[in-house]
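The values are calculated or read from the model by the stated rules, or taken from the named source; none is laboratory data. Values in this document were obtained by computation on a predicted structure and should not be read as measured data. Using ideal geometry, Cβ is built from the backbone for each residue, glycine included, and neighbour counts are taken over all protein chains shown. Ligands, DNA and RNA are stripped out before the accessible areas are found, and what is left, the full protein with its side chains, is counted by its heavy atoms. Shrake-Rupley method; radii C 1.70, N 1.55, O 1.52, S 1.80 Å.
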Amino acid sequence: MKIGGLQKLSLIDYEGELSCVIFTTGCNFRCPYCHNPELVKQTSPIIDEKTVMEFLSSRAGQLTAVVITGGEPTLQPDLVDFIKQVKSMGFKVKLDTNGSNPAVIETLLKKSLIDYIAMDIKAALNRYNHVTKSQKIQDNIKESIAIIKNLAQDYEFRTTFIKGFVDSEDLKEIVELASGAKRYAIQGFRKTKTLDSSFEFYEFKEKELEALCMFAKRFVNECILR
């Protein structure tokens, strides 16, 4: 595993759990608003996997969960083996993913290696190439959504909304993709560091996000704001 970061304690990344967060390097998307550019560009120093495992061993019985995020974790060829080790220590595992690798997601879920999975639905399908700078990814996105709905015991889909880029006009198609989902999370973009430092971003106001959430509730079992 190429690990580019370790947050030793989080109270917010896995609801109801005391977790740590492991950040993998590398991503097959190039969303200009990404707030982890050093992971996408693989410029962050690599943390030795043995060091991470020693830390987890020392926190067994204190922390309850491990969140694996990125970058895009499903690009890591040894992800399955890594999670098996984490689970053997008694931790719950949450995976954050962009949904581009449905086969990996299916394997993890069928092996019962994931307790919670959060998948980003980046945009309406016809805007995926524009938002992620990737090509011909739409079928994979649809397949991952279906796999998660069918196999995951606990999950959410989520979208970051940015005025003029991922906008309210995209919401209907996005929630139709997620229709019937257990949980859908709407996230308002907040300006921090970004992959494209020259891109102009505009934030939704809280009331505007609340209106998006009210609309989304017609399609999913639960919609929350973050």
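Quick notes on this structure:
- Residue ranges of strands (runs of 3 or more DSSP E) in the range 32-139 with at least 1 members farther than 30 Å from residue 171 by Cα: 65-69, 92-97
- Residue within the range 129-146 that is closer than 23 Å to residue 220 by Cα and modelled with pLDDT under 95 present: no
- Pairs with Cβ under 9 Å, 6+ apart, first in the range 97-122 and closer than 14 Å to residue 145 by Cα and free of Cβ contacts under 8 Å to residues at least 60 places away in the same chain, second of a type in the set (Asp, Glu) and assigned to a loop (DSSP other than H, G, I, E, B): 97/72; 101/72; 117/154
- Single condition residue 215 does not satisfy, out of (1) part of a helix (DSSP H, G or I); (2) open to solvent by less than 50 Å² (accessible area, probe 1.4 Å): (2)
- Checklist (1) among the small types (Gly, Ala, Ser); (2) open to solvent by less than 20 Å² (accessible area, probe 1.4 Å); (3) without any contact (Cβ under 8 Å) to a residue 24 or more places away in the chain applied to residue 58, failing item: (2)
- When residue 193 is tested against (1) free of Cβ contacts under 8 Å to residues at least 60 places away in the same chain; (2) closer than 23 Å to residue 73 by Cα; (3) in a loop (DSSP other than H, G, I, E, B); (4) not acidic (Asp, Glu), just one condition goes unmet, and that condition is (1).
- Looking only at the range 154-199, residues that are surrounded by fewer than 16 Cβ atoms within 10 Å (Cβ to Cβ) and under 15 Å from the mean Cα position of the chain (by Cα) come to 1 in all.
- Sole exception among (1) charged (D, E, K, R); (2) touching a residue at least 60 places away in the same chain (Cβ under 8 Å); (3) open to solvent by less than 30 Å² (accessible area, probe 1.4 Å) for residue 133, by number: (3)
- Residue match in the range 70-86 (condition: closer than 24 Å to residue 138 by Cβ and open to solvent by 50 Å² or more (accessible area, probe 1.4 Å)): yes
- First in the range 200-220 and within 24 Å of residue 32 (Cβ to Cβ), second anywhere and aliphatic (A, V, I, L, M) and assigned to a loop (DSSP other than H, G, I, E, B), Cβ under 8 Å, 6 or more apart: none
- Scanning the range 92-107 for residues that are surrounded by fewer than 23 Cβ atoms within 10 Å (Cβ to Cβ) and hydrophobic (A, V, I, L, M, F, W, C) yields 93, 103, 104.
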